[in-house]
Amino acid sequence: MKQRIMKLTGEAALLAAALLLAGCDRPPVETTQIGYRGVAMELVENPRVVAAKHAANTLPPVMAAVPEGGPTAGSVYKNVQVLGDLSAAEFARTMVAITAWVAPPGQSCAYCHGSGGDLASDALYTKVVARRMLQMVRQINGKWHSHVGATGVTCFTCHRGKSVPAFIWFDDPGQPHLSLMAGNRAGQNAPSPTVGLTSLPNDPYGRFLENTTNPAIRVVSTHPLAQSPGGASIKDAEASYGLMMAMSESLGVNCTFCHNSRSFTDWTASTPQRVTAWYGLQMVRALNTGFLEPLASTLPPFRHGPKGDGPKLDCMTCHQGVNKPLYGQSMLKDYPALVEHAVSSAPTP
């Protein structure tokens with residue numbers, strides 16, 4: 001009897017374990033080869049995660065087209081500093097679209113123009129910022145074809161119906177620590193979501209995406225000594241890896257989406273996406289220094305970060321977890337006014 005009870009108990013335990021583990025099966029994944037065989041150049045995706053991302057990357061309804069011709073917006077409205085060459089009807093259509101992409105629910109045009117009826121007034125900071133952001137979007141589409149291609153961007157690409165994009169960053173105030181050396185983690189050695197929950201340097205953005213004199217993004221030195229020209233110390237490599245982890249999280253891909261694991265530094269063996277990503281880094285730097293950082297003094301204090309700076313962008317701001325923002329769906333064909341013409345080209349590698 002005792003042996004029978006023990007047997008039944010053991011079978012019950014096995015059955016209970018099986019039931020518990022039934023919900024822990026590894027979910028199926030799909031693998032797509034994107035590079036050379038034998039070097040793990042492949043894209044691994046979970047279909048359920050992909051489905052959720054597709055739902056989050058749905059385009060908003062297109063505003064109905066308006067008849068061509070008619071007086072220009074600059075001749076009808078006052079203080080039109082951008083898009084003044086559009087017809088008044090097309091200008092109004094574009095403004096309605098931008099309102100739907102950016103303004104909080106219930107505020108509509110009043111979010112930037114106020115409720116007093118004076119559309120020409122620049123009294124609200126939101127209007128000043130919106131104008132500058134409109135100039136930024138037009139420059140991206142006109143100058144940075146090397147990164148955005150013909151797909152381009154609109155206000156919706158980053159905002160997704162919110163007044164402030166979900167993914168922005170501020171200057172890092174640093175980790176709180178004791179005054180003693182043992183209590184200072186040197187800005188790393190603590191899992192950070194910014195760098196994929198690794199203990200790499202927690203603030204890759206301030207180092208690489210903010211200043212015009214950014215250090216080279218290097219992992220391997222080009223000379224024997226790190227102090228020589230083209231060198232990279234271990235700390236430099238850690239910072240570069242932190243940025244790469246952040247980019248990987250932002251695009252929802254792994255390292256081999258751009259790099260050949262045989263030699264991460266070899267451009268000739270890398271995928272074309274690596275060149276596109278290089279231009280993206282140059283673009284983000286230029287946008288932060290040329291558009292976003294100067295707006296800090298315009299923004300009210302509650303829009304500032306812990307160190308008093310304004311919000312800035314990174315790869316996640318537009319991509320939001322997919323390798324092409326909105327999965328490559330273009331809105332420019334419906335809003336051609338968001339492309340600036342006759343601007344200088346992007347820098348050459």
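The values are calculated or read from the model by the stated rules, or taken from the named source; none is laboratory data. Because the structure is predicted, anything quoted here is derived from the model rather than measured. Methodologically, a virtual Cβ is constructed for each residue, glycine included, from the backbone with ideal geometry; neighbour enumeration extends over all protein chains shown. Areas reflect the complete protein model, heavy atoms only, side chains present, ligands, DNA and RNA absent. Shrake-Rupley method; radii C 1.70, N 1.55, O 1.52, S 1.80 Å.
Considering each residue of region 314-334 in turn, none proves to be of a type in the set (Gly, Ala, Ser) and without any contact (Cβ under 8 Å) to a residue 40 or more places away in the chain. Do you know which of the residues in region 78-112 that are closer than 22 Å to Thr157 by Cα and of a type in the set (S, T, N, Q) is nearest to the chain's Cα centre (by Cα)? Per the criteria, the residue is Thr99. Look through region 115-139, keep the residues that are in contact with a Cys (Cβ under 9 Å, 6 or more places away or on another chain) and within 15 Å of Leu287 (Cβ to Cβ), and return whichever of them is surrounded by the most Cβ atoms within 10 Å (Cβ to Cβ). Top of the filtered list is Val137.
Among the candidates Pro71, Pro61, the residue that is open to solvent by 70 Å² or more (accessible area, probe 1.4 Å) and within 21 Å of Tyr327 (Cβ to Cβ) is uniquely Pro61. Residue pairs whose Cβ atoms lie under 6 Å apart, separated by 6 or more positions or on different chains, with the first residue in region 102-123 and in contact (Cβ under 8 Å) with a residue 40 or more places away in the chain and the second surrounded by fewer than 13 Cβ atoms within 10 Å (Cβ to Cβ), are Ala120/Lys78.
The rows are residues; the columns are (1) part of a helix (DSSP H, G or I); (2) modelled with pLDDT of 95 or more.
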residue: Glu238; (1), (2): yes, no
residue: Met247; (1), (2): yes, no
residue: Arg262; (1), (2): no, no
residue: Trp267; (1), (2): no, no
residue: Ser270; (1), (2): no, no
residue: Leu281; (1), (2): yes, no
residue: Leu295; (1), (2): yes, yes
residue: Gly308; (1), (2): no, no
residue: Asn323; (1), (2): no, no
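Looking across region 41-50, the residues that are hydrophobic (A, V, I, L, M, F, W, C) and open to solvent by less than 60 Å² (accessible area, probe 1.4 Å) come down to Met41, Leu43, Val50.
Residues are listed down the side, and each one gets a yes or a no for (1) under 26 Å from His145 (Cβ atoms); (2) surrounded by 18 or more Cβ atoms within 10 Å (Cβ to Cβ); (3) of a type outside the set (Gly, Ala, Ser):
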position: Arg262; (1), (2), (3): no, no, yes
position: Thr268; (1), (2), (3): yes, no, yes
position: Ala286; (1), (2), (3): yes, yes, no
position: Pro294; (1), (2), (3): yes, no, yes
position: Pro301; (1), (2), (3): no, no, yes
position: Asp309; (1), (2), (3): no, no, yes
